[in-house]
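The values are calculated or read from the model by the stated rules, or taken from the named source; none is laboratory data. Since the model is a prediction, treat every value here as computed from it, not as a measurement. Quick reminder, even Gly has a Cβ in these numbers, built from the backbone with ideal geometry, and neighbours come from all protein chains shown. For accessibility, only protein heavy atoms count, side chains too; no ligands or nucleic acids. Shrake-Rupley method; radii C 1.70, N 1.55, O 1.52, S 1.80 Å.
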Amino acid sequence: MMKALKGFALPILFLVLWQAWAFLFGIHSDTLAAPADIVTAFLAGMEDGSILEATRMTLVAAAGGLAIGGGLGIVTGFIFGLLPPLSRLSRVTVEVLRPVPAVAILPIALLVFGFGYAMEMAIIAFACFFPVMLLTEGAIRQITPRLMEVARVMRLSSVQRTSKIVLPAVLPRMFVAMRLAAGIALIVSVTVEIAANPQGLGYRLMLAGQSLRPADMFATLFWVGAIGWTLNWALVRTEKKLFPFHSLRRIEE
């Protein structure tokens with residue numbers, strides 16, 4: 001707990017110095033606001049519900065895209081991990097598509113789905129698919145060969161081998177993959193909303209900037225950061241509770 005609190009020391013110090021500078025010299029700008037004004041704008045947004053509604057839109061899109069992209073990534077990773085010839089056959093296609101920025105497919109998604117959740121979820125799913133697929137496949141490839149030899153000696157079927165050996169061995173790494181993809185989903189969701197989709201926190205952030213309301217802009221920006229930090233913290237805590245030995249081994253490494 002103390003270690004987590006120490007992590008807030010630098011941001012708090014920065015905000016105190018920022019507020020002191022604003023108090024002593026004043027801030028008269030269309031692009032910058034004092035921390036006190038940012039807090040006031042944030043509380044106003046919470047009171048009228050605009051921040052909460054924008055947050056709901058962003059999180060719904062991020063969760064939907066993560067579920068679609070992560071789910072397909074896990075299934076594909078399992079297939080490629082268990083069938084290396086199929087993985088080699090698809091490697092060129094994967095390596096061609098994987099470096100494509102998710103936002104680059106925005107025009108295609110916009111033509112197919114139009115504005116709204118479907119377009120945003122499609123782009124988020126594309127962004128989350130490849131990291132989850134590659135990490136899942138890599139986890140399966142790293143299973144100790146002796147475990148597979150034991151499965152063959154025991155004459156386990158493919159389903160039994162997958163459920164009793166493969167899945168328990170790769171589940172911790174799959175959770176890590178989904179945790180990383182969750183951060184990607186939030187980033188892509190806000191980016192798409194800034195670029196094209198008129199909803200959510202990204203749109204609120206862009207609108208505040210274009211309307212020369214720096215207090216609202218920074219309030220939304222810091223709120224996005226707080227959501228990302230809270231999400232990662234919750235997933236890390238969940239990982240430690242579900243897979244304590246795996247988490248301890250990663251720390252030792």
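Side notes on the structure shown:
- As a calculated quantity, the FRET efficiency between residue 213 and residue 117 at R0 = 41 Å, using C-beta atoms, amounts to about 0.95.
- Using θ = phi - 60° in the Karplus curve 6.51 cos²θ - 1.76 cosθ + 1.60, the 3J(HN,Hα) couplings for the range 201-209 round to 5, x, 5, 4, 5, 5, 5, 5, x Hz; x is entered for Gly and Pro.
- Residue ranking by accessible heavy-atom surface, 1.4 Å probe, largest first, among 133, 57 comes out as 57, 133.
- Here the range 23-102 and the range 171-237 have alpha carbon centers that stand 5 Å from each other.
- Exposure of residue 221 as accessible area (Å², to 10), given a probe of 1.4 Å and all protein chains: 80
- Global form of the range 80-131, assessed from the alpha-carbon gyration tensor, a/c cut-off 1.5: prolate
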